[in-house]
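Following: one structure in structure tokens, then a few remarks.
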Amino acid sequence: MKFVFVSGSAALDFVGTVRSRRENPLDQLVTPTDLSDWTAASGMLESPAPATRADLTSALRLREAIYRLMLASTGGLPLPAEDCAVLNRATNRIPVRQELRPDGTVVRSGTIGSVLATLARDAVELLTQPSGQVKECAAPSCTRLYVDRSRRSTRRWCDMTRCGNRAKAATHRSRH
């Protein structure tokens, strides 16, 4: 299973583990092993311990809360209280521990709970930034959220090599 990390935020990349939410949702986190694999692929932990079913349940609850909070925020709507509570419970856990080595490398250690705490804190940071930074991809079938850090805040696609390229190719084909 290939995970995609193009959102500009670990929390949004985590939310992006459900693809095409509106049409044919594809959840990439179905088993505890999937969660461990995502954790390793994200680089949040060097050697994650195997996730448990309880870890997966907590992770999915947090992922969906972050998604709903981001949609509410980008839509200018009040943040759902229940989702805020889920996020706040996760932020109260001990985050991933980072240790800088003399050679300049960083070792990240912790548990799946630590990863969830770190993701929740990342989401809080995004939710408290100026509006307009978090956007949804403009591609019709893509529901990925991303951080727009472009100079003029004009980024339209989650990833230029994927959605942006497809959109530009479709526009080119329609003109010719």
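The values are calculated or read from the model by the stated rules, or taken from the named source; none is laboratory data. What you see is a predicted model; the values in this text were computed from it and never measured. So basically every Cβ, Gly included, is an ideal-geometry build from the backbone, and we count neighbours across all protein chains shown. What goes into the accessible areas is simple: the full protein's heavy atoms, side chains included, and nothing from ligands, DNA or RNA. Shrake-Rupley method; radii C 1.70, N 1.55, O 1.52, S 1.80 Å.
Looking at the stretch 90-126, which of its residues are under 20 Å from the mean Cα position of the chain (by Cα) and of a type in the set (Val, Ile, Thr)? If the condition is that a residue be under 20 Å from the mean Cα position of the chain (by Cα) and of a type in the set (Val, Ile, Thr), then Thr91, Ile94, Val96, Thr111, Ile112, Val115, Thr118, Val124 are the ones that fit. How many residues does the stretch 112-138 contain that are under 18 Å from Val18 (Cα atoms), at pLDDT below 95 and of a type outside the set (Lys, Arg)? Of the residues in that region, 4 qualify.
Specify the residue that is surrounded by the fewest Cβ atoms within 10 Å (Cβ to Cβ); the eligible residues are those in the stretch 63-85 that are modelled with pLDDT of 95 or more, touching a helix residue (DSSP H, G or I) at 6+ places or on another chain (Cβ under 7 Å) and of a type outside the set (A, V, I, L, M, F, W, C). Result: Pro78.
Which residues, taken from the stretch 20-34, are of a type in the set (Asp, Glu) and surrounded by 12 or more Cβ atoms within 10 Å (Cβ to Cβ)? Within the stretch 20-34, Asp27, Asp34 meet the criteria. You will find that of Asn88, Asn92, the residue that is within 25 Å of Arg21 (Cα to Cα) and at pLDDT 95 or above is Asn88 and no other.
A quick yes/no check of all residues on (1) in contact with a His (Cβ under 8 Å, 6 or more places away or on another chain); (2) farther than 12 Å from Leu87 by Cα; (3) open to solvent by 30 Å² or more (accessible area, probe 1.4 Å); (4) among the aliphatic types (A, V, I, L, M):
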site: Arg108; (1), (2), (3), (4): no, yes, yes, no
site: Leu116; (1), (2), (3), (4): no, no, no, yes
site: Leu119; (1), (2), (3), (4): no, no, no, yes
site: Gln133; (1), (2), (3), (4): no, yes, yes, no
site: Ala138; (1), (2), (3), (4): no, yes, yes, yes
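The criterion of at least 1 residues that are closer than 14 Å to Leu29 by Cβ and among the hydrophobic types (A, V, I, L, M, F, W, C) is met by the following helices (runs of 4 or more DSSP H) wholly inside the stretch 39-129: 53-74, 112-127.
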